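Read the structure below first, then the notes.
Since every read-out is calculated from the coordinates, none of them should be taken as a lab result. Worth saying up front: this structure is predicted, and the values here are computed from it rather than measured. Cβ placement follows ideal geometry from the backbone for every residue including glycine, while neighbour counts extend to all protein chains displayed.
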Amino acid sequence: MPRMGYSFPEEVLEHVFSFIQSDEDRNAISEVCRSWHDIERWSRRRVFVGNCYAISPTMVIRRFPEVRSVKLKGKPHFADFNLVPEGWGGYVAPWISAMASAYPWLEEIRLKRMVITDESLELISKSFKNFKVLVLSSCEGFSTDGLAAIAANCRNLRELDLGESEVEDLSGHWLSRFPDNYTSMVSLNIACLGWEVSFSALERLVGRCPNLRTLRLNRAVPLDKLANLLCRAPQLVELGTGAYSSELRPDVFSNLSGAFSGCKELKSLSGFWDVVPGYLPAVYPICSKLKSLNLSYATIQSPELIKLVSQCQNLQRLWVLDYIEDAGLDALAASCKDLRELRVFPSDPFGQEPNVPLTEQGLVSVSEGCPKLQSVLYFCRQMSNAALMTIARNRPNMTRFRLCIIEPHTPDYLTLQPLDVGFGAIVEHCKDLRRLSLSGLLTDRVFEYIGTHAKKLEMLSVAFAGESDLGLHHILSGCDNLRKLEIRDCPFGDKALLANAAKLETMRSLWMSSCSVSFGACKLLGQKMPGLNVEVIDERGPPDLRPESCPIDKLYVYRTVSGPRFDMPGFVWTMAENPALRLS
Amino acid sequence: MSPENRKHLPESGSTGLNLKETELTLRMPGETRGDTEIGAKSGTKRGFSQTIDLNHDRSSDVPEHDDRCCDKLENETLAVKPPAAKAQIVGWPPVREFRKNALKSFKFVKVAVDGAPFLRKLDLEMYSSYQELLCAFDNMFSCLTIRNYLNEKKLMDTANGVEYVPTYEDKDGDWMLVGDVPWKMFVESCKRLRLMKSSEEIGLAPRTPQQSASTS
């Protein structure tokens, strides 16, 4: 290989690299040669760590010394459904302390499913002079005191997004800690806060931040105060209302309607807790401009929903409760031809009987009427293979398909057969499918289809499905691009897991709970695969007090370059390569 | 927090014995035994919150499972619900907690305590009995503790021995003594609460033991 004596000077390469943002591309660049590796690592500004235990903060900092933006994810996805016990981990504190000294110019921190304390928030607020963006998605461990520190000290803050975090509400006055001369807020999302924030502080803040584009209020902000806020921020692009209920009064209505009409840029609406239908027409003036509508807290019935949705011809994303019914979805299919994403949530998830006429038919309608539909999350109580096949043929452009038939093991309601061929059709027709969640009665057959066809699949969620290890084997041996696999209550055991151990190193993580994996197999896996952390979660006590053939409760396996973690609680055991290192 | 302090019960999964069905536990109002994922969560939280309550002096606004307070309650106030007709599965269907909460109604009312510089707010829908409400006051105003005196429920400031009586303003604008009407009726008609110093309790007829029969 001839020496490239006439290669570009570093500055030129750096400049070229600055146009390359994607991690994949930058990783490729860094493998070209030593000097490119060096230039790239000094110029990388954004780092995404999909599993905070896959690497240590020290290693990240050593390789990328000039990072401005960090995104970290902690707990496994099933933590959202209470399958991960409290205290499992996902602590961000070691990252914050390491970055506090190493990255004084850090501007952005985005966390998902992590535990962050008030101390960490205070450290953030004091360590990074140019701090701009804090996004805490489904996080916990902090209170409004921590938010007060952020408000008081982060002079350049642009974005504060609390996502669906659990925040201990000690006082609504944290919002008043933003100094009077602070005017740089662009995006504020406090929708998850259960208690009131100081409304006058909120009003003043909104009034003095001319660049505010996103404002998501919490339920405690009453409807009669909304008009005032909107009048102070007519430039808003995204709004989440508070409670959308009040006694019907013409003056409140006309103020509200006028305020909405004044928001010419509004493209996204959410909130709508406790909706009083009489106030819905206040938003009609802006419906035609809406691209995103989240009505998943709005307990209004189908006729009102239809009236609203029929006016949103430019809608791209709709989140709604099953109160919309099949009829409402028909209306959606007829009116919203630009729809890309639909999520239908259950209004009565624990009821035994259907409480609304929402069936597979609604989803079929939307798949027929909306040519751009590519992302679906749908809760329903009945499904058929025929419907799934129709949906698959209608929408080969589907990329995310998550179906939750509420009762486990529900067969095709027309034929009483398993839903194997239906889901098989989905993976066969939708060649770009990246995410899939299964439900209903399913045999090993469906996994054969998935292993054969779902070549672009990156994330698969399986519950109450399959018959034997063959099912798991099909997935692990067939899905070339699989990154995350989460399984619960399936009869999958040791054989498939051990036979496909090497596959696990090509994935981010595997979760298996209430399956048939034995403690012995976990130990073996841990010994065979030093590049994996094999963690057994069992609240019954140490697994080595039971026979090795005994199935363990929960298994979480993930690849890592930093070895076993040191912050495990008493109910988590790592199956380490060297038994002496095992912490119990 | 070591594993020894934790209960070692098999998880109530979809298979096998559901020992948790027969366990006495505390639940939030409106929950049935069936809401085991909420139950499971509180089950794992219990040990943790006990530790926290001993070490911290925060008056948490969320009166959820305060073991220190609720340990003091008589047994009859523990919400023991009959098992659901069908065992519910942990984490299924996969709906997140905040979504379930969003579908519940809420009723926030202001709470004033005589002598305190600012008011607080409570969501009455979070409780299913007067005893739970008193518990919430106990939590919210950490200097107050419940005193059960002759079937009258009062609160006392342990620092100075001052007694407080819970009162409320109803829909008609009248100030009433808390505890006379059935709980749900009270929630419906209550607009705001005031913990009144006992010495100001003029004009409110003392309850005789017979009248105070059912307060929840």
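Taking label positions 7 Å along the Cα-Cβ direction at both A:SER22 and B:ASP170, the computed distance is 6.9 nm, reported to one decimal. Going by Cα centres, segment A:26-78 and segment A:223-262 are how many Å apart? So the two Cα centres are separated by 44 Å.
Here the dipole of segment A:447-584 is about 340 debye; that uses its Cα centre as origin and unit charges on the Cβ of Lys and Arg (positive) and Asp and Glu (negative). Let me make sure I get this right: for chain A, a, b and c are the square roots of the gyration tensor eigenvalues over alpha carbons, sorted descending. Under 1.5 in a/c it's rounded, otherwise prolate if a/b > b/c, else oblate. Which is it? Oblate shape, in that a/c is at least 1.5 and b/c is the bigger or equal ratio.
Rounded to the nearest 0.05, the FRET efficiency derived from the C-beta distance between B:LYS197 and A:LYS372 at R0 = 56 Å is 0.30. Ordered from longest to shortest, the equivalent ellipsoid semi-axes for segment A:397-517 are 21, 17, 12 Å, each the square root of 5 times a Cα gyration tensor eigenvalue. In sequence order, segment A:365-382 has phi-based couplings of 4, 5, 5, 7, x, 10, x, 9, 4, 10, 9, 9, 10, 9, 9, 8, 10, 8 Hz under the Karplus curve 6.51 cos²θ - 1.76 cosθ + 1.60, θ = phi - 60°, and Gly or Pro positions carry x. Inter-label distance, A:LYS528 to A:GLU505: 1.2 nm, where each label sits 7 Å from its Cα along the C-beta direction. Each Lys and Arg contributes +1 and each Asp and Glu -1, all at the Cβ; summed about the Cα centre of segment A:21-93, the dipole is approximately 240 debye. The label point for A:GLN352 and the one for A:ASN130, both projected 7 Å from the Cα toward the Cβ, are 6.3 nm apart. Adding -39500 (n - 2.57) for every DSSP H run of four residues or longer, then dividing by how many residues chain A holds, sets the calculated 222 nm ellipticity at -9000 deg cm²/dmol. A simple charge model with +1 on the Cβ of Lys and Arg, -1 on the Cβ of Asp and Glu and nothing else charged puts the dipole of chain A at about 1820 debye relative to its Cα centre.
For segment A:433-454, the residues whose amide N sits under 18 Å from a probe point set 7 Å from the Cα of A:ASN397 along the beta carbon direction are A:433-435.
A Förster radius of 41 Å, combined with the Cβ-Cβ distance separating A:GLU548 from A:THR58, puts the computed FRET efficiency at roughly 0.70. Among the chymotrypsin sites (Phe, Trp or Tyr not before Pro) in segment A:82-173, those located in a DSSP loop and surrounded by at most 12 other Cβ atoms within 10 Å of their own Cβ are A:TRP105. Pairs exceeding 19 Å between alpha-carbon atoms, taken from A:LYS455/A:LYS523; A:LYS267/A:LYS337; B:LYS121/B:LYS191: A:LYS455/A:LYS523. The mean number of Cβ atoms from other chains found within 10 Å of a Cβ in peptide A:336-348 is 1, as a whole number. In plain terms, the residue of A:ARG62, A:ARG158, A:ARG177 with the fewest other Cβ atoms within 10 Å comes first and the most crowded comes last, giving A:ARG62, A:ARG177, A:ARG158.
For A:ARG216, the residues whose amide H sits under 5 Å from its own are A:LEU188, A:ASN189, A:ILE190, A:GLY240, ignoring neighbours fewer than 5 places away on the same chain, with H placed 1.01 Å from N.
Each part gets one Cα centre, and for segment A:390-421 versus segment A:155-172 those centres are 39 Å apart. Peptide A:74-85 is shielded by partner chain Cβ atoms: per residue, an average of 4 of them sit within 10 Å of its Cβ. Here r is the Cβ-Cβ distance between A:ASP180 and B:ALA112 and R0 is 35 Å; the resulting FRET efficiency, rounded to 0.05, is 0.70. Sites listed here are GluC sites (Glu not before Pro) in segment A:1-110 whose DSSP assignment is loop and whose Cβ has at most 15 other Cβ atoms within 10 Å: A:GLU31, A:GLU66.
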